[in-house]
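Report on the structure given below.
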Amino acid sequence: MKILICGAGYVGLANALMLSSKNQVTIYEIDDSKISRINSKDYSFLDEKKLEDLPIVPSNINAIDEYVSSDYDFVIIALPTNSDKNGKLDVSNIIELISDNKKKHPESIYIIRSTLPINGSKKIYDSTGEFIYMPEFLREGTAVFDSFYPSRIVIGGPKELAVKASTLFNNCILNKPETIITNHKEAECIKLFSNTFLAMRVAFFNELDTFFMNENLDSDTIIHGIGLDDRIGLFYNNPSFGFGGYCLPKDTEEVINSLDSKLISQINKSNLYRIENIVKHLLNLGHKKIGVYKLSAKSGANGIRNSSTVLLIGELKKHGIEVIVYDSSTNRMIGYQYAESVIQLFEMTDLVIANRIDDEIKEYKDKVFTRDLFARD
C-alpha cells in the first residue's frame, strides 16, 4: 500500500514507523528540521524506548514539504487540534487539509488520527465528505511501542471503509487487540472520555496525597492499601505535581465544555489546586533557592507543553523564590537560570524538586522534594 501521512508529530511519525513495516509511507511536514531528521533515518527524538527490536523499515519512509502527485491508497491526517478561546477543540485546519488533499487524491481513503471534539466529525463530513476516524491512544514517550502494541483499535465510519482501515493497521501491529467499529460520534466519545477518566484518576490520587501531606500521614501506605481492591488497582495511582502534557488538559476541557457534569467540571480545577498546595508546602519549608530537575510533563517524555512543573516554577517565582533548572534534553525556556549538570544543580540550591525520580538523582534523594512514591508514572 502507498500511504500519505500529514503531520510528523509524535502521532504521525509513530504511525509512519509502524506502517512502514508493510507499506510505502510518505510524510508531509512543514518543519524543515523534522524533515531532515526523518530523511536521515533519525527517529531518536520520538521515543524513550529503543526501536531496534521493532520491524521498522526506514527505506519505506520519506518526508516531503510539498505535495508530490501520486496515487495514495490512504491519506492519514495527524495534525494537532488546539483549543479555541472557549476551550473547544478546533477542526478548521483538518477541514482545510482534507479539502486540499481530496482535490489531488480523490480516490484515497481518508483516516483522521487527530483528536476530534464532540460533533467534530459532523463538521468535517459536512465540509469534506466521507472519512474514517481512528482515535489514537498513544503515550508520549512510548508512542512507537504503543503503535505496534495498541490497547485497542477504534474505527468510526462506514463499515466498508472501516474494514479496509482495520486490515491496514492489523497487518502491521504485533499484538491482537480488540477492534471496535462504530460511528464517528461514538469514536469521539471513546477517545475524549478515556483521557478525561485518566485525568480524573490522576487528580483523585493527587488530592488524596495533598490531604495526607497536610495531615502528616504516610501516602505510600494508604494509597497502596486503597489499590489492593481489584476494582481500583495498583496502577496509575502515583502522585505527582499534577497532570500535564498535550492531551489530558485540553481533552478534559473539551469534555467540560460539551456536557453538564458536576464531577468532570472540577478536574482541571483540581489540577490547579494541587499545584497551589505544592507551592504552599514548599514556601513553608523556607528555602529561598530551589532547583528543578527536568521540565517535562511526564517521565520519559521530552515535551513541556502544559507541564505541571513549569506551572509550579511560575508560582514559585511569583513568591520571590530563585529557581535554577537542570534539564538534559533540548528544553530551554527564556527567563530561566540553568545548571549545566546535576552536581551543579545540587551545589547551587537548598532543595531540588522533581516530579519523577530516576537513577540520575537517586543518590541525592535526601535533598529532593518529590511526590513520586512508586518510581513510575
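For the stretch 90-101, state whether one or more residues are part of a loop (DSSP other than H, G, I, E, B), surrounded by fewer than 19 Cβ atoms within 10 Å (Cβ to Cβ) and not polar (S, T, N, Q). Within the stretch 90-101, one or more residues are part of a loop (DSSP other than H, G, I, E, B), surrounded by fewer than 19 Cβ atoms within 10 Å (Cβ to Cβ) and not polar (S, T, N, Q).
Quick grid of which residues meet (1) over 25 Å from the mean Cα position of the chain (by Cα); (2) at pLDDT below 95; (3) of a type in the set (S, T, N, Q); (4) surrounded by fewer than 16 Cβ atoms within 10 Å (Cβ to Cβ):
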site: 159; (1), (2), (3), (4): yes, no, no, yes
site: 175; (1), (2), (3), (4): no, no, yes, yes
site: 187; (1), (2), (3), (4): no, no, no, no
site: 202; (1), (2), (3), (4): no, no, no, no
site: 224; (1), (2), (3), (4): yes, no, no, yes
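Candidates 32, 65, 42, 90: the one that is of a type in the set (Asp, Glu) and over 23 Å from the mean Cα position of the chain (by Cα) is 65.
Where helices (runs of 4 or more DSSP H) fall wholly inside the stretch 237-351, the ranges with 2 or more residues that are closer than 29 Å to residue 190 by Cβ and open to solvent by 60 Å² or more (accessible area, probe 1.4 Å) are 267-285.
Between 130, 140, the distinction of being at pLDDT below 95, closer than 19 Å to residue 79 by Cβ and open to solvent by 20 Å² or more (accessible area, probe 1.4 Å) belongs to 140 only. When the stretch 139-182 is filtered for residues that are among the hydroxyl-bearing types (Ser, Thr, Tyr), under 21 Å from residue 10 (Cα atoms) and in contact with a Gly (Cβ under 9 Å, 6 or more places away or on another chain), only 142 remains.
Do we have any residue at all in the stretch 208-221 that's assigned to a helix (DSSP H, G or I), in contact with a Gly (Cβ under 7 Å, 6 or more places away or on another chain) and not hydroxyl-bearing (Ser, Thr, Tyr)? Outline the logic, then answer.
Kept after step one, since they are assigned to a helix (DSSP H, G or I), are these residues of the stretch 208-221: 208-214, 219-221.
Next cut, in contact with a Gly (Cβ under 7 Å, 6 or more places away or on another chain) only: none.
No, there is no match, as no residue in the stretch 208-221 is assigned to a helix (DSSP H, G or I), in contact with a Gly (Cβ under 7 Å, 6 or more places away or on another chain) and not hydroxyl-bearing (Ser, Thr, Tyr).
Can you tell me which residue within the stretch 352-371, out of those that are within 21 Å of residue 284 (Cα to Cα) and touching an Asp or Glu at 6+ places or on another chain (Cβ under 9 Å), is surrounded by the fewest Cβ atoms within 10 Å (Cβ to Cβ)? Once the filter is applied, the top-ranked residue is 367.
Filtered by the rule that a residue be open to solvent by less than 10 Å² (accessible area, probe 1.4 Å) and modelled with pLDDT of 90 or more, the stretch 67-88 gives 74, 75, 76, 77. Filter the stretch 341-377 down to the residues that are out of contact with any strand residue (DSSP E or B) (no Cβ under 8 Å at 6 or more places or on another chain), at pLDDT 90 or above and aliphatic (A, V, I, L, M) and list them by number. Residues satisfying the conditions are 343, 373.
The values are calculated or read from the model by the stated rules, or taken from the named source; none is laboratory data. Since we're looking at a predicted model, the values are computed, not measured. When we count neighbours, we look across all protein chains shown, and the Cβ atoms used for this are built from the backbone with ideal geometry, even at glycine. When the accessible area is computed, the model is the full protein with side chains, heavy atoms only, and any ligands, DNA or RNA have been set aside. Shrake-Rupley method; radii C 1.70, N 1.55, O 1.52, S 1.80 Å.
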